[in-house]
Amino acid sequence: MKIISRSFLIILTILSLFPFYLMIVMSTHYNEDLFQGIPLLPGSYMFENFTTVLKSNFVQVYSNSLIVSIGSVVAGVLFSVLIGFAIAKYQFRFKKALNYFIVITMMVPTQVGLIGYITEMRVLGLGNTLWPIILIWFAFPFGAFFMTQFMRDTIPDEVIECARIDGCTEPRILFQIVFPIIKSGLVTLSILIFVWSWNNYLLPLITINDSRWYTIPVFISNLGIVHRTDYAARMAALTMTTIPLLIIFILGSKTFIKGVTAGAVKG
């Protein structure tokens, strides 16, 4: 039975990693060679493809994506924790209504509110900058819902009551007592926000017209236009942009799994 399950897992792993292997291999071939069939072995055109990408303002675009992703993580996690802590551990009027409102907003497609959001950013004078891509994470319904459930299951009320009896203020309870307890949840939410922000394509495409403020997904979609549909250069750019995500996931994989499965088993 173990042999069958392990064989199944090995096959599933190979199938999952095969697209990444193809992406790397295709980035080492000349663009015209890709139209003759899917290459399975590395080629000899890798240096030229990576040079093409680096000559196309890639460093600036890479910096823009890092600024947006890091800013989104800080904003999304901080406000999600504040909302989650308030709903999970405090009693106040309209608490249930606020909780229902968060759940309902999770069901509304993002595209529905885009027109109003873009209009709001233009009125504030933030159009065609990186701010609209970061500010949207200040109101992140899934993050608020996730942290509410996580804190409700992992933080005993007795710990908070003991801290208050000892004279601890509410901000100190949150930052010095609650934060260490919910470390796995913070890492999980941070990874999710970073990945979603890094791969966000629609909002930067609509809000940014100046190529100086392009993020990586928009940059890659325009790379083919500038270089006559250079799919090999696109694959090279994708390979370079996938590396940070792989490093972050590898470093935080154990904590990520703990955060996702926390509260799944109650006994």
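Points to keep in mind about this one:
- Over the Cα atoms of the range 3-66, the radius of gyration divided by the Kirkwood radius equals 1.16; this is the Rg/Rh ratio.
- Accessible area of Ile177 (1.4 Å probe, protein heavy atoms only, ligands and nucleic acids ignored): about 50 Å².
- Compared with the direct C-alpha span, the chain from Ile177 to Phe35 gains 45.3 nm at full extension, assuming 0.36 nm per residue.
- Helix axis angle, 183-198 relative to the chain longest principal axis, alpha carbon, degrees: 40 degrees
- Kirkwood Rh in Å, taken over the range 170-235 so that all alpha-carbon pairs contribute: 14.8 Å
- Charged side chains reduced to their Cβ positions (Lys and Arg at +1, Asp and Glu at -1) give the chain a dipole of some 560 debye around its Cα centre.
- Every helix of 4 or more DSSP H residues in the chain counts as -39500 (n - 2.57), and over all residues that averages to -22000 deg cm²/dmol at 222 nm.
- Note on Val112 and Leu22: with the Förster distance fixed at 35 Å, the Cβ-Cβ geometry gives a FRET efficiency of about 0.50.
- Stretchable slack from Trp196 to Thr242, in nm (0.36 nm times residue separation minus alpha-carbon distance): 15.3 nm
- Matching label, log10 I(q)/I(0) by the Debye sum over Cα atoms at q = 0.08, 0.13 Å⁻¹ computed from the structure shown, candidates (1) -0.41, -0.91; (2) -0.36, -0.83; (3) -0.45, -1.01: (3)
- Residue-level accessible surface for Asp166, protein heavy atoms, 1.4 Å, Å²: 130 Å²
- Treating each Cα of the range 113-258 as one equal point scatterer and applying the Debye formula with no solvent, the log10 of I(q)/I(0) at q = 0.10, 0.11, 0.15 Å⁻¹ comes out as -0.53, -0.62, -0.94.
- Farthest positive-ward along the chain dipole, Cα basis, beta-carbon charges - from Cys162, Met107, Met147: Cys162
- 10 Å-binned pair-distance histogram of the range 113-190 (Cα, whole percent): 15, 34, 23, 20, 8, 0
- Seen from all directions on average, the range 1-115 presents a Cα convex hull projection of 14.8 nm².
- Gain on full stretching of the segment that runs from Ile14 to Glu120 - 0.36 nm per residue minus C-alpha separation: 33.6 nm
- Protein-only accessible surface order, largest first, of Lys254, Lys183, Lys95 at 1.4 Å: Lys254, Lys183, Lys95
The values are calculated or read from the model by the stated rules, or taken from the named source; none is laboratory data. As the structure is a computational prediction, the values presented were derived from the model and not from experiment. Reconstructed Cβ throughout: ideal geometry from the backbone, glycine too, with neighbour counts over all protein chains shown. Note: areas computed on protein heavy atoms with side chains; ligands, DNA, RNA excluded. Shrake-Rupley method; radii C 1.70, N 1.55, O 1.52, S 1.80 Å.
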